[in-house]
Amino acid sequence: MTTHIALLRAVNVAGHQPVGMADLRALLGALGFTDVRSLLQTGNLVFRGGGRNGAALERWLEAEAARRLSLETDFFVRTAAEWSEAVARNPFPEAAARDPARLVVLALREAPGAARVDTLQASITGREQVRADGRHAYVVYPDGQGRSKVSLSRIEKALGTRGTARNWNTALKLAALALE
């Protein structure tokens, strides 16, 4: 049985797309997954199961959430091994140690090309730093996300793919939960 981590995009954020974590856990249970757990209220799930993987699993979960919960959102699914690798490959270990709440990791639909990442970084006039590694991007917000002009929509547009972000504290908690 593979352990998966699912990150839902834009649920329960500022009242947008409200959904109960119990409802999401019940949905995954009804779909045949086991050991379904959630972290926080913003759509972070850890579960076990076989069958579909990768993009096929993401599309299926999106379709089932829409059908059963009337929830229209993107699911970004990684195996526990993929998530652990994303944590291990963090290009900003100093930022992670110094202020983990100001470092985010983005799960992306597709891996962006290096030229897109370079263009995004070059366009930033603030102190933010962006790096990408495969289907993950990392952003340091030294002055906080709330004041930054480097929004998720700007990142997505520049990288040419959709994504969802979690701060480093959450990323580490998800990695630990997936190992339990």
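None of the figures in this text is laboratory data; all of them are computed from the coordinates on show. The structure displayed is predicted, hence computed values, not measured ones. Backbone-built Cβ (ideal geometry, glycine too); neighbour counts: all protein chains shown.
Table for the structure above
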quantity	calculated
Assigned charges on the beta-carbon of Lys, Arg, Asp, Glu; segment 1-83 dipole about Cα centre (debye)	140 debye
Residues Trp83, Trp60, Trp168 arranged by fewest to most Cβ contacts within 10 Å	Trp60, Trp168, Trp83
Label point distance in nm, Ala97-Ala114, each placed 7 Å from Cα along Cα→Cβ	2.7 nm
Value of [θ]222 nm, deg cm²/dmol, for the chain, DSSP H segments ≥ 4, -39500 (n - 2.57) each, nearest 500	-11500 deg cm²/dmol
Taking the convex hull of Cα positions in segment 115-180, its mean projected area over all directions (nm²)	4.9 nm²
Phi-based couplings in Hz for segment 134-142 (Karplus 6.51, -1.76, 1.60; Gly and Pro marked x)	x, 8, 10, 10, 10, 10, 9, 10, x
Estimated Rh, the chain: Kirkwood, alpha-carbon pairs, angstrom	16.7 Å
